[in-house]
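The values are calculated or read from the model by the stated rules, or taken from the named source; none is laboratory data. Keep in mind that what you see is a predicted model, and the values were worked out from it rather than measured. With ideal geometry, Cβ positions are generated from the backbone for all residues, glycine too; neighbour counts draw on all protein chains shown. SASA here: full protein model, heavy atoms, side chains in, ligands and nucleic acids out. Shrake-Rupley method; radii C 1.70, N 1.55, O 1.52, S 1.80 Å.
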Amino acid sequence: MSLVNRAVAEFMGTFWLVLGGCGSAVLAAAFPGVGIGLLGVSLAFGLTVLTMAYGIGHISGCHLNPAVSVGLAAGGRFKSSELLPYIVAQVLGAIVAAGVLYFIASGKAGFDLGGGLASNGFGDHSPGKYSLGAGFVCEVVMTFMFLMVILGSTDRRAPAGFAPIAIGLCLTLIHLISIPVTNTSVNPARSTGPAIFVGGWAIQQLWLFWVAPILGALLAGAAYRWLGDEKTA
């Protein structure tokens, strides 16, 4: 499969992740009477990854996330030379999805970007008012565990065909834990899309949602290389 085809698949997959996950938070989380709440938003993010893993996994590997691409490269599963095209495609997909979401959400009278468009944040912009330090540690640890599940479930020695389920459920669990802390990123592209439209504080705090997930992914890539090495087992 050509790099262009794979990059387009990553664009589409990341578009779906941001539109489905952030869209559920913006449009459905607090809908009167039938709002899906934290549990529903967590499930929505997991379902976007699960459905896309079956839809495009055989084309691009279904990374949908710069941190995942970096972690897979660190774990020896992905060519470092292809990181830039993947990351560009993922970020563009997230930005376009956030734009579509903004267009839909603004079709309701009284819509205000002050709600954040599901942006990630810390301090005053954390859903639970958690500090910068808490947010940083949370994002590093959650991304580390996400990559460990991805690397383990896609290992050639793992049961075939079940990786999308494990990865989707892992992302759901991550959101259940960390939505109150940072609104859950573990994905720099997912954070960048909404931040572009919200501007201000969302752009100012965006650095954390690049640095922490990528650090967690690098640590996981190194850890799984050692843990899964048959020579050291």
Could you list, in sequence order, the residues of segment 147-178 that are polar (S, T, N, Q), in a helix (DSSP H, G or I) and within 16 Å of C62 (Cα to Cα)? S153
Scanning segment 1-27 for residues that are of a type in the set (G, A, S) and over 19 Å from Y86 (Cα atoms), which turns out most open to solvent (accessible area, probe 1.4 Å)? A25
Output the number of residues of segment 179-229 satisfying the condition of being in a helix (DSSP H, G or I) and over 16 Å from L147 (Cβ atoms). 17
Inside segment 142-166, the number of residues satisfying the requirement of being farther than 19 Å from R225 by Cβ and either of a type in the set (A, V, I, L, M, F, W, C) or touching a helix residue (DSSP H, G or I) at 6+ places or on another chain (Cβ under 7 Å) (or both) is 6
In the list G135, G128, G121, which residue meets the criterion of being modelled with pLDDT of 95 or more, more than 27 Å from A53 (Cα to Cα), open to solvent by less than 30 Å² (accessible area, probe 1.4 Å) and part of a loop (DSSP other than H, G, I, E, B)? G121
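Condition test on N187, is it touching a Leu at 6+ places or on another chain (Cβ under 9 Å), within 24 Å of F15 (Cβ to Cβ) and either surrounded by 23 or more Cβ atoms within 10 Å (Cβ to Cβ) or among the hydrophobic types (A, V, I, L, M, F, W, C) (or both)? Walk me through it before giving the result.
On the way: touching a Leu at 6+ places or on another chain (Cβ under 9 Å): yes; within 24 Å of F15 (Cβ to Cβ): yes; either surrounded by 23 or more Cβ atoms within 10 Å (Cβ to Cβ) or among the hydrophobic types (A, V, I, L, M, F, W, C) (or both): yes.
It is true that N187 is touching a Leu at 6+ places or on another chain (Cβ under 9 Å), within 24 Å of F15 (Cβ to Cβ) and either surrounded by 23 or more Cβ atoms within 10 Å (Cβ to Cβ) or among the hydrophobic types (A, V, I, L, M, F, W, C) (or both).
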Condition check: aromatic (F, W, Y) and under 19 Å from the mean Cα position of the chain (by Cα). Does F162 satisfy that? no
Can you name the number of the only condition in (1) modelled with pLDDT under 95; (2) farther than 24 Å from I177 by Cβ that N5 fails? (1)
Could you count how many residues in segment 59-77 are open to solvent by 30 Å² or more (accessible area, probe 1.4 Å) and either at pLDDT below 95 or part of a loop (DSSP other than H, G, I, E, B) (or both)? 3
Only residues that are touching a Phe, Trp or Tyr at 6+ places or on another chain (Cβ under 7 Å), surrounded by fewer than 22 Cβ atoms within 10 Å (Cβ to Cβ) and under 24 Å from G20 (Cβ atoms): list them for segment 206-233, please. L208
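If you scan segment 190-205, which residues turn out to be open to solvent by less than 40 Å² (accessible area, probe 1.4 Å) and under 19 Å from A89 (Cα atoms)?
Within segment 190-205, R190, S191, T192, G193, P194, A195 qualify.
Residue by residue, here is whether (1) farther than 16 Å from G21 by Cβ; (2) out of contact with any Leu (no Cβ under 6 Å at 6 or more places or on another chain); (3) open to solvent by less than 60 Å² (accessible area, probe 1.4 Å) holds:
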residue: Q90; (1), (2), (3): no, yes, yes
residue: A97; (1), (2), (3): no, no, yes
residue: F103; (1), (2), (3): yes, yes, no
residue: L151; (1), (2), (3): yes, yes, yes
residue: I165; (1), (2), (3): yes, yes, no
residue: L169; (1), (2), (3): no, yes, no
